1. What is the residue count in the stretch 318-333 for residues that are assigned to a strand (DSSP E or B) and either touching a helix residue (DSSP H, G or I) at 6+ places or on another chain (Cβ under 8 Å) or surrounded by fewer than 19 Cβ atoms within 10 Å (Cβ to Cβ) (or both)?
2. Yes or no: the stretch 29-36 includes at least one residue that is more than 25 Å from the chain's Cα centre (by Cα) and either at pLDDT 95 or above or in a loop (DSSP other than H, G, I, E, B) (or both).
3. Restricting the search to the stretch 4-30, which residues are under 24 Å from residue 64 (Cβ atoms) and touching a helix residue (DSSP H, G or I) at 6+ places or on another chain (Cβ under 6 Å)?
4. Name every residue in the stretch 212-230 that is touching a helix residue (DSSP H, G or I) at 6+ places or on another chain (Cβ under 6 Å) and buried (at least 22 other Cβ atoms within 10 Å of the Cβ), in order of residue number.
5. Could you please let me know if residue 97 is within 22 Å of residue 231 (Cβ to Cβ), surrounded by fewer than 20 Cβ atoms within 10 Å (Cβ to Cβ) and either more than 19 Å from the chain's Cα centre (by Cα) or in contact (Cβ under 8 Å) with a residue 12 or more places away in the chain (or both)?
6. Please determine whether any residue of the stretch 185-192 is modelled with pLDDT of 95 or more, out of contact with any helix residue (DSSP H, G or I) (no Cβ under 6 Å at 6 or more places or on another chain) and surrounded by 24 or more Cβ atoms within 10 Å (Cβ to Cβ).
7. Checking the conditions here, which among 64, 77 is out of contact with any strand residue (DSSP E or B) (no Cβ under 6 Å at 6 or more places or on another chain), under 27 Å from residue 219 (Cβ atoms) and touching a residue at least 40 places away in the same chain (Cβ under 8 Å)?
8. Which condition from (1) more than 20 Å from the chain's Cα centre (by Cα); (2) closer than 15 Å to residue 22 by Cα; (3) outside any helix (DSSP H, G or I) is the one that residue 87 breaks?
């Protein structure tokens with residue numbers, strides 16, 4: 001038996017195309033304490049646009065450094081691409097509410113309705129577009145679980161760019177379906193660390209038999225980008241520009257909620273590098289910073305890579321090979337190699353500078369969850385709501401489930417959901433149980 005659906009709120013809220021945001025929202029514009037700048041590791045001074053342009057696309061560098069412009073227009077070509085899978089639905093989880101027997105009203109933003117299976121395509125097409133506009137031959141990148149790599153390979157295929165992906169070795173071996181999807185779109189996929197780069201050789205010499213990390217993969221991708229003419233490096237999370245592009249998630253969510261006069265009490269999202277959580281909370285956090293409304297924000301990270309809950313808020317290298325700039329963030333140390341858990345997208349040693357600053361200012365909370373409880377929550381969600389989510393958003397599902405079960409007045413919570421990761425479910429089906 002399904003829960004009774006409230007007449008005023010449908011199971012899925014779809015916005016018409018004309019209501020899709022025409023500009024990204026820059027959360028930094030409303031932050032009283034701006035995120036600390038990237039530093040040149042050689043000089044200790046803030047990175048200049050010229051220095052960053054040797055690694056990143058010129059237009060993306062401008063977005064990275066812009067702390068003041070509130071809204072940045074989304075180019076028409078990107079909006080046209082977005083229409084293939086956006087606006088994405090906001091779903092009221094009536095069935096889950098009934099299963100949990102909770103007074104909470106639970107919503108989730110479903111970002112899995114594209115081939116990449118996640119929100120990553122929102123930034124992938126933007127970064128590929130600016131690379132194409134600059135006249136580049138191609139781009140390089142890293143990927144953990146493979147969703148960012150899949151998204152970027154899709155975007156590059158669409159725009160006719162070459163795409164070189166360094167995939168964390170453990171995920172490369174655990175998730176063969178993901179790597180083959182990337183290759184289907186024409187990308188070159190290399191397990192990282194590898195013997196194809198100098199930094200990869202160095203890491204393998206120091207850590208023989210390592211299963212890799214996003215920090216290792218970033219080092220290799222940056223090396224290839226800076227040693228091959230006509231290439232630039234692009235990143236799927238952490239950077240300011242990525243959170244800017246992902247703000248479309250929160251903007252659509254807020255528009256859908258406003259249509260029905262809904263104000264959330266608690267907003268929850270998984271946090272690896274910050275793209276998913278940062279994109280979801282941006283417009284709501286903006287209201288909080290401006291003193292217009294108040295919300296409770298919870299970042300959920302894996303216990304095996306808990307940068308917010310156990311890391312230090314210091315300047316650290318963005319990569320393991322120490323070839324990237326220094327960023328002030330919550331970090332476990334650039335040399336940290338996480339255990340071979342199945343949440344491949346949550347294996348980064350640090351956190352977005354924007355989210356790190358907000359967390360340090362006490363504007364949001366963080367918690368960590370263990371892998372077994374994550375998959376128990378994911379299995380429950382699949383059985384009740386009919387969606388098999390990947391490990392990353394299932395982390396936030398675990399926390400939301402516990403929050404909804406606590407005695408309290410009505411609560412509302414949100415999370416970004418993605419399509420399932422077949423390999424992850426195959427490897428973990430024997431250890432997940434639901435009581």
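The values are calculated or read from the model by the stated rules, or taken from the named source; none is laboratory data. Treat the numbers as computed from the prediction; the structure is a model and nothing was measured. Methodologically, a virtual Cβ is constructed for each residue, glycine included, from the backbone with ideal geometry; neighbour enumeration extends over all protein chains shown.
1. In the first step, residues of the stretch 318-333 are kept if they are assigned to a strand (DSSP E or B); the result is 326-331.
Restricting the remaining residues to those that are either touching a helix residue (DSSP H, G or I) at 6+ places or on another chain (Cβ under 8 Å) or surrounded by fewer than 19 Cβ atoms within 10 Å (Cβ to Cβ) (or both) gives 327-331.
The qualifying residues number 5.
2. Restricting attention to the stretch 29-36, the residues satisfying the condition of being more than 25 Å from the chain's Cα centre (by Cα) are none.
No, the stretch 29-36 contains no residue that is more than 25 Å from the chain's Cα centre (by Cα) and either at pLDDT 95 or above or in a loop (DSSP other than H, G, I, E, B) (or both).
3. 21, 24, 25, 26, 27, 30
4. If we filter the stretch 212-230 for residues that are touching a helix residue (DSSP H, G or I) at 6+ places or on another chain (Cβ under 6 Å), which is where we start, we get 212, 216, 219-220, 223.
Those that are touching a helix residue (DSSP H, G or I) at 6+ places or on another chain (Cβ under 6 Å) and buried (at least 22 other Cβ atoms within 10 Å of the Cβ): 212, 216, 219, 220.
5. When the stated conditions are applied, residue 97 does not pass them.
6. no
7. Details: 77 fails: under 27 Å from residue 219 (Cβ atoms).
Within the list 64, 77, the selection yields 64.
8. (1) is the only condition that residue 87 fails.
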